[in-house]
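What follows is a short report on a single structure.
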Amino acid sequence: MMETETSELIFLILIFLATIAIFLMIALMFYIGRTRIKEIDKVVYGFEFPNDSIFALGLRVPNYGGAFLWKWSAKRSGLEGKIEHFDKRFRWPFIAVFLLMIFGVFMMILAGVFEKYYMDIH
């Protein structure tokens, strides 16, 4: 078993990293929702969604981020031919949200596993 102070510090670092990733992801989703999502919706669906909530953005933005990052994901989600003309400067916030989401969830899972098996809680 690890020392209590060391294990608590590692646990807090993992939770801190997950929290920072999630807050950055939400901030980028607000930025994308105000600036870029309507352009993609026009290309993909043919129209703009009139009212976007953070929950709707939370579903669409990682989907677009995965499609921008991997051609396999674009093919799988039906976006393969529709998103080709967007440049790298336009794509980076979507990819960043996608990767931050994966990183944040991974850090939370790692913190949970660490807490379950390595922390000495009495």
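All of the numbers you see were taken from the coordinates with simple rules; none came from a lab. The model shown is predicted, which means the values in this text are computed figures rather than measured ones. Note that we place each Cβ from the backbone using ideal geometry, even for glycine, and neighbour counts take in every protein chain shown.
Relative to the longest principal Cα axis of the chain, at what angle does helix 54-69 sit, 0 to 90 degrees, rounded to 10?
80 degrees
What's the angle, to the nearest 10 degrees (0 to 90), between helix 88-117's Cα axis and the longest principal axis of the chain?
Tilt relative to the chain: about 20 degrees.
Given the Cα atoms of segment 1-52, and with Rh set as the inverse mean 1/r over their pairs in the Kirkwood sense, what is Rg to Rh to two decimals?
That ratio is 1.39, to two decimals.
With +1 on each Lys and Arg Cβ and -1 on each Asp and Glu Cβ, and nothing else charged, work out how big the dipole of segment 21-111 is about its Cα centre, in Debye to the nearest 20.
160 debye
Go ahead and estimate [θ] at 222 nm for the chain from helices alone: -39,500 (n - 2.57) per DSSP H run with n ≥ 4, summed, over the residue count, rounded to 500.
-25500 deg cm²/dmol
With a point put 7 Å past each Cα toward its Cβ, work out how far residue 82 is from residue 119 in nm, to one decimal.
So the two model labels end up 4.3 nm from each other.
Taking 0.36 nm per residue of sequence separation and subtracting the Cα-Cα distance, how much length would be gained by fully extending the chain between residue 102 and residue 89, in nm to one decimal?
Working it through step by step, the gained length comes to 2.6 nm.
Could you list the square roots of 5 times each eigenvalue of the Cα gyration tensor of the chain, that is, the equivalent ellipsoid semi-axes, sorted largest first and rounded to whole Å?
Semi-axes (√(5λ), whole Å): 36, 14, 11.
Which aspartates and glutamates, if any, have their Cα less than 17 Å from the Cα of residue 71, not counting same-chain residues under 8 positions apart?
Candidates past the 8-residue exclusion: 80, 84, 87.
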